[in-house]
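Below you'll find the structure, written out as structure tokens, and then a few comments.
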């Protein structure tokens with residue numbers, strides 16, 4: 001799977017230039033995180049990946065094919081987008097119906113739909129809530145319902161827009177396992193998040209956006225070592241990384257284990 | 001204990017069509033001017049409690065309720081939401097649920113509550129301008145609230161609660177859509193209000209923030225209170241932490257340093273003291 005943006009610009013009808021000519025290639029199955037300040041263009045950029053938004057100029061290619069002439073329905077077989085606000089996505093009267101809707105639109109066979117409902121509902125933890133009305137779910141269950149509804153369509157690329165909003169420890173673990181499972185199935189997950197702990201623990205590649213441009217793109221350790229640059233996009237490294245940086249440790253660390261290793265080697269050297 | 005501004009007595013609530021009590025026999029008091037944080041796993045009753053404190057339960061959400069809540073001496077059950085709104089204000093978890101959906105512009109949205117209160121136009125215009133500046137949304141006051149980004153709507157939601165000048169602010173995970181520094185900016189404003197004497201009751205999953213802000217932390221699990229104590233006593237107690245709550249990264253660092261015998265002091269729960277401690281360990 002390969003997503004490629006060439007000089008992609010997007011100007012909203014209001015005249016706001018949300019994307020100012022982005023060049024970007026995302027390839028393979030390694031999960032990618034997109035971070036950056038509010039209004040940086042994160043959601044706008046990912047909405048191009050499945051044709052919800054169309055470039056004002058520039059090109060949007062999937063597997064080297066320009067998708068500008070394809071419909072959103074055609075694109076959504078390949079790329080699924082999980083909305084930021086569940087209420088923007090959910091509209092049917094049961095979780096099961098939400099799960100069935102997308103696959104039917106793309107012509108999936110009924111027996112495959114039924115098999116997938118079993119697998120996906122367990123993956124998102126809603127196997128016992130299939131007959132409930134989405135409005136009777138808690139806010140986090142709603143989020144998992146929207147995630148399930150997209151995975152049901154079996155897209156090659158899954159885009160999560162702020163999946164960590166309001167998630168507790170368990171919710172974050174479930175998200176992590178969903179991303180792991182999808183990667184093992186050969187799918188590419190792209191995630192927008194403001195939760196830096198979640199980002200550093202789950203992604204090896206991070207793209208930082210700022211004011212309609214890509215500010216930084218690379219290895220997670222590299223990105224979070226560029227403290228002054230990422231600050232321009234209203235991002236700070238996660239707490240453990242900040243402590244290490246401010247205490248004068250040179251290595252960029254994300255876990256307590258890594259932190260302790262650095263401390264130990266430092267003490268040995270002395 | 002200083003003056004009590006909020007008191008919850010034997011409070012229970014069960015939503016219609018559910019078997020389990022969402023809140024089970026809650027008893028606690030909040031002191032004037034304090035920063036009181038509520039933490040717990042999803043489904044532990046945090047948002048339900050917020051709704052009960054501001055009167056959305058029982059005036060808006062239907063269910064089986066018992067016990068009492070007093071806000072500045074007003075019994076919530078017997079007071080109207082309008083009466084309560086000058087005492088206590090809630091910033092919703094999902095800012096889109098807070099919008100009035102009748103305002104055509106952000107300016108009108110901010111003025112909505114004041115208009116209901118019958119405030120004079122001139123005074124309203126002044127207050128709206130002040131709050132828009134405070135929330136850094138001056139540049140979008142003429143936009144339609146439905147055309148804004150999640151982060152912008154969250155700022156508008158904050159503004160429309162602040163503008164009512166409640167004595168108690170209830171914040172229900174209200175910066176989830178903001179970027180890290182943007183959300184710090186909002187909390188700087190909240191802390192400033194708190195220092196001026198406004199009581200803050202905050203629900204949040206960001207344990208670093210809870211540890212930094214809170215005077216008192218209340219842990220909920222399955223609708224019941226597990227503990228109310230200072231951040232250090234809460235996060236330093238493994239039995240409490242076992243109730244599905246996370247701890248600040250700083251606590252984990254301190255605990256590891258202690259395990260390894262690199263230090264034998266009590267744990268720290270905030271950033272600056274942890275950095276100092278790590279520096280000492282590096283020298284030692």
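The values are calculated or read from the model by the stated rules, or taken from the named source; none is laboratory data. As the structure is a computational prediction, the values presented were derived from the model and not from experiment. Neighbour counts run over all protein chains shown; Cβ positions are idealised from the backbone, glycine included.
The residues of region B:122-156 that are closer than 12 Å to residue B:109 by Cα and in contact (Cβ under 8 Å) with a residue 40 or more places away in the chain, listed by number, are B:144, B:145, B:146, B:153, B:156. All conditions but one from (1) more than 23 Å from residue B:209 (Cα to Cα); (2) under 18 Å from the mean Cα position of the chain (by Cα); (3) in a loop (DSSP other than H, G, I, E, B) apply to residue A:182; the one that does not is (3). Residue B:43 meets all of the listed conditions (1) buried (at least 21 other Cβ atoms within 10 Å of the Cβ); (2) more than 22 Å from residue B:229 (Cβ to Cβ); (3) out of contact with any helix residue (DSSP H, G or I) (no Cβ under 9 Å at 6 or more places or on another chain) but one, namely (3). With a requirement of 2 or more residues that are more than 13 Å from chain A (Cβ to nearest Cβ) and closer than 24 Å to residue B:30 by Cβ, the helices (runs of 4 or more DSSP H) lying completely within region B:91-187 that satisfy it span B:150-162. Is it fair to say residue A:198 is assigned to a helix (DSSP H, G or I) and modelled with pLDDT of 90 or more? Criteria met by residue A:198. Out of B:266, B:259, B:208, one residue alone is within 11 Å of chain A (Cβ to nearest Cβ), surrounded by fewer than 23 Cβ atoms within 10 Å (Cβ to Cβ) and touching a residue at least 12 places away in the same chain (Cβ under 8 Å). It is B:208.
Evaluation of residue A:191 against the conditions (1) within 13 Å of another protein chain (Cβ to nearest Cβ); (2) surrounded by 15 or more Cβ atoms within 10 Å (Cβ to Cβ) shows that the sole unmet condition is (1).
The numbered conditions (1) within 18 Å of residue A:241 (Cα to Cα); (2) more than 14 Å from chain A (Cβ to nearest Cβ) are all true for residue B:282 except (2).
Considering region B:211-230, the residues that are within 12 Å of chain A (Cβ to nearest Cβ) and crowded, with 23+ Cβ neighbours inside 10 Å include one that is farthest from residue A:197 (Cα to Cα), namely B:220. Here region A:3-25 is the region considered, the condition is being in contact with a helix residue (DSSP H, G or I) (Cβ under 9 Å, 6 or more places away or on another chain) and over 18 Å from residue A:234 (Cα atoms), and the residue that is modelled with the lowest pLDDT is A:14.
On the given criteria, is residue A:207 crowded, with 22+ Cβ neighbours inside 10 Å, under 24 Å from residue B:181 (Cα atoms), in contact with a strand residue (DSSP E or B) (Cβ under 7 Å, 6 or more places away or on another chain) and within 14 Å of another protein chain (Cβ to nearest Cβ)? Spell out how you get there, then give the answer.
Working: crowded, with 22+ Cβ neighbours inside 10 Å: yes; under 24 Å from residue B:181 (Cα atoms): yes; in contact with a strand residue (DSSP E or B) (Cβ under 7 Å, 6 or more places away or on another chain): yes; within 14 Å of another protein chain (Cβ to nearest Cβ): no.
No, not satisfied.
Determine, yes or no, whether residue A:100 is crowded, with 16+ Cβ neighbours inside 10 Å and at pLDDT 95 or above. Here the answer is yes, as residue A:100 does meet what is asked. With the requirement that a residue be within 14 Å of chain B (Cβ to nearest Cβ), outside any helix (DSSP H, G or I), over 19 Å from residue A:157 (Cβ atoms) and touching a residue at least 40 places away in the same chain (Cβ under 8 Å), what does region A:71-124 give you? Selection gives A:90 alone.
Does residue B:233 satisfy the criteria of being more than 22 Å from the chain's Cα centre (by Cα) and either on the phi > 0 side of the Ramachandran plot or more than 13 Å from every other protein chain (Cβ to nearest Cβ) (or both)? Please lay out each step first, then the result.
Numbers: more than 22 Å from the chain's Cα centre (by Cα): no; either on the phi > 0 side of the Ramachandran plot or more than 13 Å from every other protein chain (Cβ to nearest Cβ) (or both): yes.
The answer is no for residue B:233.
Elements of the type strands (runs of 3 or more DSSP E) sitting completely within region B:1-55 and holding at least 3 residues that are within 14 Å of chain A (Cβ to nearest Cβ) and more than 20 Å from the chain's Cα centre (by Cα): there are none.
Say we look at region A:222-270 and pick out the residues that are within 21 Å of residue B:181 (Cβ to Cβ), outside any loop (DSSP other than H, G, I, E, B) and more than 10 Å from chain B (Cβ to nearest Cβ); which of these is farthest from the chain's Cα centre (by Cα)? Walk me through it before giving the result.
From region A:222-270, those within 21 Å of residue B:181 (Cβ to Cβ) are A:222-246, A:252, A:254; that's our starting set.
Retained after the next criterion (residues that are outside any loop (DSSP other than H, G, I, E, B)): A:222-225, A:227-231, A:239-246.
Still in the running and more than 10 Å from chain B (Cβ to nearest Cβ): A:222-225, A:227-229.
Working: A:222: 20, A:223: 17, A:224: 18, A:225: 22, A:227: 22, A:228: 24, A:229: 22 Å.
In this case the residue turns out to be A:228.
Could you tell me whether any residue of region A:5-13 is part of a loop (DSSP other than H, G, I, E, B), within 14 Å of chain B (Cβ to nearest Cβ) and exposed (fewer than 15 other Cβ atoms within 10 Å of the Cβ)? Walk me through how you get there before you give the answer.
First, pick out the residues of region A:5-13 that are part of a loop (DSSP other than H, G, I, E, B): A:12-13.
This time we only want the ones that are within 14 Å of chain B (Cβ to nearest Cβ), so: A:12-13.
Now drop any that are not exposed (fewer than 15 other Cβ atoms within 10 Å of the Cβ), which leaves A:12-13.
Looking through region A:5-13, at least one residue is part of a loop (DSSP other than H, G, I, E, B), within 14 Å of chain B (Cβ to nearest Cβ) and exposed (fewer than 15 other Cβ atoms within 10 Å of the Cβ).
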